[in-house]
1. Every residue in region 46-59 that is more than 15 Å from HIS22 (Cα to Cα) and either part of a helix (DSSP H, G or I) or among the β-branched types (Val, Ile, Thr) (or both), please.
2. Does GLU37 meet the test of being more than 17 Å from GLU92 (Cβ to Cβ), free of Cβ contacts under 8 Å to residues at least 40 places away in the same chain and either charged (D, E, K, R) or touching a Lys or Arg at 6+ places or on another chain (Cβ under 9 Å) (or both)?
3. List pairs: first residue in region 100-113 and closer than 19 Å to GLU55 by Cβ, second residue polar (S, T, N, Q) and at pLDDT below 95 anywhere in the structure, Cβ distance under 8 angstrom, at least six positions apart or on different chains.
4. For region 60-93, enumerate the residues that are acidic (Asp, Glu) and either touching a strand residue (DSSP E or B) at 6+ places or on another chain (Cβ under 9 Å) or more than 12 Å from VAL16 (Cα to Cα) (or both).
5. Considering each residue of region 65-119, count those that are of a type in the set (Asp, Glu) and in a helix (DSSP H, G or I), and give that number.
Amino acid sequence: MADYVQVFPLGEKIEVLLSAEHEKLLAIGEKMNAACEDAYMNGYNWEALFRYYLEQNDPDILTDMKTDPEAGMYVAYWPLTEENEARAKRFEDIIRALAEDEEALCRLVREHGGEIEWD
């Protein structure tokens, strides 16, 4: 599996960490930026994209979720519970599915970029 996203417990939280500066994500980000000029894919814009995607497709993941984006990374975290561990794992699976289907991801940005609250 690619190492651009990880899920791990940290203290009393379960976290999903995305490395926005991973080579694969930088390449995808360039394509997304070509599809929508506002989609400059730093950690803040990954947050905007994921929030939009989850609101449309799996809003349960947003339950109790907090985020901490930075320029080169994006972190989502929840209180450490069984339910939230399942949410974190589903979110990891969604991130991997999006990153592995660049064409669909670029189409999402091209068709819905105006609806996403980019940084």
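1. Step one: list which residues in region 46-59 are more than 15 Å from HIS22 (Cα to Cα), which gives 47-59.
Correct list: GLU47, ALA48, LEU49, PHE50, ARG51, TYR52, TYR53, LEU54, GLU55, GLN56, ASN57, PRO59.
2. yes
3. Pairs that qualify, where the first residue is closer than 19 Å to GLU55 by Cβ and the partner is polar (S, T, N, Q) and at pLDDT below 95: there are none.
4. Filtering region 60-93 for residues acidic (Asp, Glu) gives 60, 64, 68, 70, 82-83, 85, 92-93.
Correct list: ASP60, ASP64, ASP68, GLU70, GLU82, GLU83, GLU85, GLU92.
5. At the first step, the residues of region 65-119 found to be of a type in the set (Asp, Glu) are 68, 70, 82-83, 85, 92-93, 100-103, 111, 115, 117, 119.
Within this subset, residues satisfying the condition of being in a helix (DSSP H, G or I) are 82-83, 85, 92-93, 100, 102-103, 111, 115.
Here the count works out to 10.
The values are calculated or read from the model by the stated rules, or taken from the named source; none is laboratory data. Note that the structure is predicted; figures quoted are calculated from it, not measured. Positions of Cβ are generated from backbone atoms using ideal geometry, with glycine treated the same way; all protein chains shown enter the neighbour counts.
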